[in-house]
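First the structure, in the form of structure tokens, and then the observations on it.
The values are calculated or read from the model by the stated rules, or taken from the named source; none is laboratory data. As the structure is a prediction and not an experimental result, all values here were calculated from the model. Note that each Cβ is placed from the backbone with ideal geometry, even for glycine, and that neighbours are counted across all protein chains shown.
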Amino acid sequence: MVTVPRSKKASLSRGAQAAPDSIDLADPGFWRLSAAEQAAAFARLRQLGPPAYFVERPRSLFRAERGFHALVRHADVVAASRTPEVFRSAPGVTTPEPARWVRALFGDSMVNLDDPGHARLRRVVSRAFTPRLIARVEDDIRAVAERIVDDVIAHRPDDFVTSVAAELPFQVICSMMGIPEDRRPAILAEVNHASEHTGVQRPFRRRIRLPGRGLRALARMQGMVADLGRERRRRPTDDLISALVIADVDGRALSYRQLGAFFSLLLVAGVETTRNALAHGLHLLTEHPDQRALLLADPDGRLDGAVDEIIRCATPIIQFRRTVATDHTLGRAQLARGEKVVLFYGSANRDEEVFTAPDAFDITRRPNPHLGFGGGGPHFCLGAPLARQEMKALYRELFTRLPELRSVGGPELVPSSFDHRVRSLRFTF
Ligand code: HEM
């Protein structure tokens, strides 16, 4: 395995377990290692007793050095996810945390809230994900999948990511929300700007300029959605924006600012993740012809298992973090109030204590208690049923009409500590 420089251990917190010298999850260089090298490092970390502690370099001269305990085992990620009174989501679950002024300006994303604020917001936005609403979008999903495959056959594009994988989740979320077709291209352009650089290490000079661009894109996108919210409050229709801005029987509704924040979250959480999962899935099925043959022989019987195994192997979201609210013992780890823990979903999904032959891609795996959608608890992915449905509909349409469909070469990956992002994937049929 490639050795990456180890950051200073001087400030290891009380009771923290030092990481092996050759592994540094806080070093951006780690996320540029190959997938096999990263997997080997996580396998080593899982063998340690308590979670290892990593020191982060100060991000500016004015910021103190910080660090995190890496939760790499399935049981630890589940425990932290399901004990929200100890493992808090405020002030932020992403790295870096959103700045306070950004949160004040754009409103808090629900992933960064704790109860009771989180529960209140989740109750309102759950209206978008009732089984009745999901069943209603089923026809939409099928129609979008059909149109995408029509276009693929007509235009024979090269890149699976832009022409197939990104298109479906974006169109589905827009039609669920009730975004008119003519406003979608402008919104998509802003989404791409806003999410382009999450978790990606950039040269220092560009680091200063690009967040400004991303935030301006976010502001424009939220502005467009807030305008729609105002229109719908005046003239409601049967779409989701109307449902969210009009108060229910208990008087609960979203403000325009909350509507903008929720829509941004849906796009960033629901488009990127599903798109990356779809692309990784095509590549996995190409690399494992035996599994592909199993799926094609019985799509109805195998699609559910295939989708969950793709999510397990690809783990579109690598990590979220939590802040420890009170001194706490997790397994053999002593955690102090105020410390950070990082939940590494991909590592949990390869925990040999839970999964037999964890490195095998096996669409018949049962049970498959992967943590690709989170470890359970109050923040468990709201869109999991929708994502599963979209992936099944698209693969069904693709493999039924184009049974020779395969990826060509490997995916072009974007090195990131946040998500397993695929920039492009060539394909043929
Ligand atoms: C393959 C696709 C997807 C993956 C892998 C994924 C993964 C995740 C993960 C890991 C979390 C955090 C869970 C936690 O902290 O416990 C999350 C939260 C969330 N996801 Fe997804 N997601 C996917 C698709 C979607 C879609 C399609 C939507 C909506 C359209 C969506 C909406 C959300 C929302 C709203 C949250 C925040 C829930 C909360 O904080 O209460 N996700 N997702």
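Residues that are at positive phi and modelled with pLDDT of 95 or more do occur in region 135-157, at least one of them.
Residues of region 331-351 that are within 16 Å of the ligand (Cβ to nearest atom) and in contact with a strand residue (DSSP E or B) (Cβ under 9 Å, 6 or more places away or on another chain): Lys340, Val341, Val342, Leu343, Phe344, Tyr345, Gly346, Ser347, Ala348.
Tell me, which residue of region 401-413 that is touching a residue at least 40 places away in the same chain (Cβ under 8 Å) and either in contact with a Phe, Trp or Tyr (Cβ under 8 Å, 6 or more places away or on another chain) or in a loop (DSSP other than H, G, I, E, B) (or both) is farthest from the ligand (Cβ to nearest atom)? Going through the qualifying residues, I end up with Pro403. Summed over region 106-145, residues that are more than 19 Å from Met177 (Cα to Cα), in contact with a Lys or Arg (Cβ under 9 Å, 6 or more places away or on another chain) and assigned to a helix (DSSP H, G or I) total 3. The set of residues from region 307-362 being among the basic types (Lys, Arg) and in contact with a His (Cβ under 6 Å, 6 or more places away or on another chain) comprises just one member, Arg312. Residues that are of a type in the set (Asp, Glu) and away from the ligand (no atom under 16 Å from the Cβ) were ranked within region 352-400; the one that is farthest from Thr274 (Cα to Cα) is Glu353. Within region 162-176, the set of residues being under 14 Å from Val422 (Cα atoms) and crowded, with 23+ Cβ neighbours inside 10 Å comprises Val164, Ala165, Ala166. Of Ile179, Ile148, Ile134, all but one fail to be within 14 Å of the ligand (Cβ to nearest atom), buried (at least 18 other Cβ atoms within 10 Å of the Cβ) and more than 19 Å from the chain's Cα centre (by Cα); the exception is Ile179. Leu215 meets each of the listed conditions (1) part of a helix (DSSP H, G or I); (2) at pLDDT 90 or above; (3) of a type outside the set (Lys, Arg) apart from (2). If you check Arg302, Arg312, Arg322, which single one turns out to be in contact with a strand residue (DSSP E or B) (Cβ under 8 Å, 6 or more places away or on another chain) and at pLDDT 90 or above? Result of the check over Arg302, Arg312, Arg322: Arg322. Number of residues in region 106-131 that are within 11 Å of the ligand (Cβ to nearest atom) and touching a residue at least 40 places away in the same chain (Cβ under 8 Å): the value is 14.
Among the strands (runs of 3 or more DSSP E) confined to region 283-397, the ones with at least 3 residues that are crowded, with 19+ Cβ neighbours inside 10 Å are located at 319-324, 340-344. Among the residues of region 151-176, the ones that are away from the ligand (no atom under 12 Å from the Cβ), touching a residue at least 60 places away in the same chain (Cβ under 8 Å) and assigned to a helix (DSSP H, G or I) come to 6 in all. Please find, within region 182-193, the residue that is farthest from the ligand (Cβ to nearest atom) out of those that are under 14 Å from Asp227 (Cβ atoms) and under 22 Å from the mean Cα position of the chain (by Cα). Top of the filtered list is Glu190.
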